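I have placed the structure first, in the form of structure tokens, so that the comments after it can refer back to it.
The values are calculated or read from the model by the stated rules, or taken from the named source; none is laboratory data. A quick note: this is a predicted structure, and the numbers were derived from the prediction, not measured. Note that we place each Cβ from the backbone using ideal geometry, even for glycine, and neighbour counts take in every protein chain shown. For the accessible areas, the whole protein counts, side chains as well, though only heavy atoms, and no ligand, DNA or RNA atoms are used. Shrake-Rupley method; radii C 1.70, N 1.55, O 1.52, S 1.80 Å.
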Amino acid sequence: MSAVDFEILLQQILNGLVLGSVYALVALGYTMVYGVLGLINFAHGEVVMIGALSTLSAARLLQSVLPGLPGPIVLLLSTLAAIPVCMALGYTIERVAYRPLRFAPRLAPLITAIGVSILLQNIAMVVWGRSYHSFPAYVSTEPFQVFGATMTPVQVVIIVVAMAIMAGLMFLVHRTKLGRAMRATAENQSVAGLMGVNINAIISITFVIGSALAAVAGVMVAANYSIAHYYMGFVLGLKAFTAAVLGGIGNLGGAVAGGLLLGLIESLGAGYIGDLTGGFMGSNYQDVFAFFVLIMVLVFRPSGLMGERVAERA
Amino acid sequence: MNRSHVVSCTLAALAAFGLSGCGKEAPPPPAPQKAAPPPELAIKIGHVAPLTGNIAHLGKDNENGARLAVEELNAKGVMIEGKKLKIELIGEDDQADPKTGTVVAQKLVDAKVNGVVGHLNSGTTIPASKIYADAGIPQISPSATNPTYTQQGFKTAMRVMANDIQQGKVVGEFAVHKLGAKTVAIIDDRTAYGQGLADEVEKAAKAGGVKIVAREFTKNDATDFRAILTKIKGRRPDAVFYGGMDAQAGPMAKQMKQLGLKAKFMSGDGACTPEFIKLAGDAAEGFYCTQAGLPLERMTDKTFSERYKKRFNSEVQIYSPYSYDAVAVIVDAMKRAKSADPAVYITELPKTSYLGVTGRIEFDDKGDVKNGAITMYETREGKLNVLEVVGGAAPAAAEAPKAEAPKADAAKK
């Protein structure tokens, strides 16, 4: 393996890790709601999008008021402004679209979730327009060298934030009183209710936390690709959902593991399938490869890589 | 009893009104009671483009062009057989999705439109063209550049700009002769448009003796291209061509720069928009792209972009002058045929010789525009600058503005 080949391989691994961390950030929100409620919140990708676009609006406002503010501070402040927006949105979605259907057949909340997703997309299209918004480089996107491969500061921030959020959520779920109530609710809602857990409040809090994460994820994604658009949440949501299932939906560590794995498979797949198959398959098989791995994992481990509960929920 | 009678009468009247409202080119009232204004001939022109999804900005641009044409023609008052033409534009959204494309095409056929302008993407235009052909409704696409569209033998399928055979050739030859590229990497987005154009570029480049060092693929909803770009970087090409839309090309240019891939970046009309420059930021510098048409400042009607801006408060993205002309060409054929009936005026369409916003429009026997121009652009200082115009109708008309162009460029700087 020549030096150039090594640099390319290292670059592909870095690409995969960054992409995987992006998936992981979004997948954490999916998995958290699923873990407590057993509901696949398809609108999560759209909350991510709204988080990114409201951050953008807040940042523009902030810069028009205080032009001299340094980039990272603008980004931090506007993210802090977008988080409550997403929290309120998450609370409203749960209250309006999911709570009335909590005891309805499983298909009903799934369909409303898709409905909410389309609704939010179209609202965002009306509010922010159809055009792409270029997301200013508040955190530098100028690359630096790592053993011949390149990385940008934003990418480092993404990996760090994904890991920090995972650790924070694990602490919350396993070490706090709120987390215990969440786990009890996940185990059995009626029994937890009889034990004095305020089910509605716990579920609302889960949604609110998940939406706050979505806002952070949205900002990270928009900063990484320097682009924000009303449609950005859709594909991202699907990929993150796949990552969550791959890792074992409902499991926080699994969401990150699944995200990283999916990112690495996609990146290495696109980079090397062509050479490995002698040009028979190319980067157009990137997704085929990724989803083939998903199918194989689910065939041999139906609850995902790190999932524990089987068939009890779905 | 009495009251319900009144109600049912009103309903009947409303129903009658409603029916006449939606009827195809409502037959002239035999005895025109209201003699004062000339009787109206109501027609419908369908327009299809993606109005939602990730290239909705281009779809809206196309629709705006058609809408401006309809509004101006209605205001001007086109007379056909003593009746004033009243055009209604029915704008449909095909989401850039071939399946949805055929569904809305059928919807327009069922609504008995007199003509269709669209669709935007080749991938939706081609499957939809069969539906319009079966219904005998003329279809003029202002932006579908894939050659297959007019090669299917449908009399109804036409387009008002050059196709990808011409465009691919210009890009390929530009890479060989002007950039001096020996090795090229090609990426496409797996749509009928992107793939078709990429194939034509590949052909033209190979014909010029260029080696294709990588042929990579992405999707028209992707934002991360680092994996394929990294692979391409390992192959060290002189130039990279992307067949696809601006929404992908913008981030792609940025990621190329971040990865330290120093090849020249080129693309076709789908990425040759102000939107690309906005998205790519400073990575847009030194980007080469083609448009299947004349640059705005060299079009026959130079006030178009001002009128457009005044009406819609946004910039012309790319093909709105062509959707504007497509509407005008349909109405022009109706005028000459003295009928808005698709079965009648379709015989006049191939004989079109219409001086539109974009230049003189004439069709060849396939329905492609004759002498379609291809314009090569380079981005410098955050602007698309015209490098050269290949082909184009009426040399005299093209020559005159040529002298002005450098001045205009200089004025901009």
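Tell me the helices (runs of 4 or more DSSP H) entirely within region B:208-326 that contain at least 2 residues that are basic (K, R) and either open to solvent by 20 Å² or more (accessible area, probe 1.4 Å) or without any contact (Cβ under 8 Å) to a residue 24 or more places away in the chain (or both). Please lay out each step first, then the result.
On the way: elements: B:226-235, B:246-259, B:274-280, B:304-312.
Helices (runs of 4 or more DSSP H) meeting the threshold: B:226-235, B:246-259, B:304-312.
Taking into account only those residues within region A:212-241 that are open to solvent by 10 Å² or more (accessible area, probe 1.4 Å), closer than 22 Å to A:T92 by Cβ and not aromatic (F, W, Y), which is farthest from the other protein chains (Cβ to nearest Cβ)? Checking each candidate, the answer is A:A212. When B:I187, B:I131, B:I140 are screened for being open to solvent by less than 50 Å² (accessible area, probe 1.4 Å), among the hydrophobic types (A, V, I, L, M, F, W, C), within 30 Å of B:A343 (Cβ to Cβ) and in a strand (DSSP E or B), only B:I140 passes. Contact annotation: residue pairs with Cβ atoms under 7 Å, 6 or more positions apart or on different chains, pairing a residue in region A:154-175 that is under 17 Å from A:A27 (Cβ atoms) with a partner that is of a type in the set (K, R) and open to solvent by 50 Å² or more (accessible area, probe 1.4 Å), are A:V173/A:R183.
Of all the residues in region A:184-203, those that are closer than 23 Å to A:A88 by Cα and part of a helix (DSSP H, G or I) number 7. Just one of the listed residues (B:Y377, B:Y345, B:Y322) is modelled with pLDDT of 90 or more and touching a Cys at 6+ places or on another chain (Cβ under 7 Å), namely B:Y377.
Only a single criterion out of (1) under 19 Å from A:I203 (Cβ atoms); (2) in contact with a Lys or Arg (Cβ under 8 Å, 6 or more places away or on another chain) is not satisfied by A:Y23, namely (1). Does any residue of region B:153-163 turn out to be free of Cβ contacts under 8 Å to residues at least 40 places away in the same chain, part of a loop (DSSP other than H, G, I, E, B) and not assigned by TED's automatic domain parsing to the domain that holds B:G208? Yes, there is a match, as at least one residue in region B:153-163 is free of Cβ contacts under 8 Å to residues at least 40 places away in the same chain, part of a loop (DSSP other than H, G, I, E, B) and not assigned by TED's automatic domain parsing to the domain that holds B:G208. A single entry from A:V18, A:V22, A:V4, A:V26 fulfils the requirement of being more than 11 Å from chain B (Cβ to nearest Cβ) and assigned to a helix (DSSP H, G or I): A:V26.
Checking each residue in region B:223-248 for being more than 10 Å from chain A (Cβ to nearest Cβ) and among the hydroxyl-bearing types (S, T, Y) picks out only B:Y242.
Among the residues that make up region A:229-247, is at least one of them over 30 Å from B:T52 (Cα atoms), in a helix (DSSP H, G or I) and over 15 Å from the mean Cα position of the chain (by Cα)?
No; the residues of region A:229-247 include none that is over 30 Å from B:T52 (Cα atoms), in a helix (DSSP H, G or I) and over 15 Å from the mean Cα position of the chain (by Cα).
The number of residues in region A:100-110 that are surrounded by 15 or more Cβ atoms within 10 Å (Cβ to Cβ) and either of a type in the set (S, T, N, Q) or in a helix (DSSP H, G or I) (or both) comes to 3. For the criterion of being more than 20 Å from A:A124 (Cβ to Cβ), touching a residue at least 12 places away in the same chain (Cβ under 8 Å), within 14 Å of chain B (Cβ to nearest Cβ) and open to solvent by 20 Å² or more (accessible area, probe 1.4 Å), A:L77 fails. Considering only residues in region B:61-86 that are in a strand (DSSP E or B) and open to solvent by less than 10 Å² (accessible area, probe 1.4 Å), the one that is nearest to B:N220 (Cα to Cα) turns out to be B:L85. Checking A:T150, A:T206 one by one, the residue that is touching a residue at least 60 places away in the same chain (Cβ under 8 Å) and part of a strand (DSSP E or B) is A:T150 and no other.
The condition (being more than 10 Å from chain B (Cβ to nearest Cβ), assigned to a loop (DSSP other than H, G, I, E, B) and out of contact with any His (no Cβ under 6 Å at 6 or more places or on another chain)) is satisfied by just one residue among A:G279, A:G250, A:G258: A:G250.
Please find, among B:E81, B:E88, the residue that is in contact with a Lys or Arg (Cβ under 9 Å, 6 or more places away or on another chain), modelled with pLDDT of 95 or more and charged (D, E, K, R).
Going through B:E81, B:E88 in turn, the sole match is B:E88.
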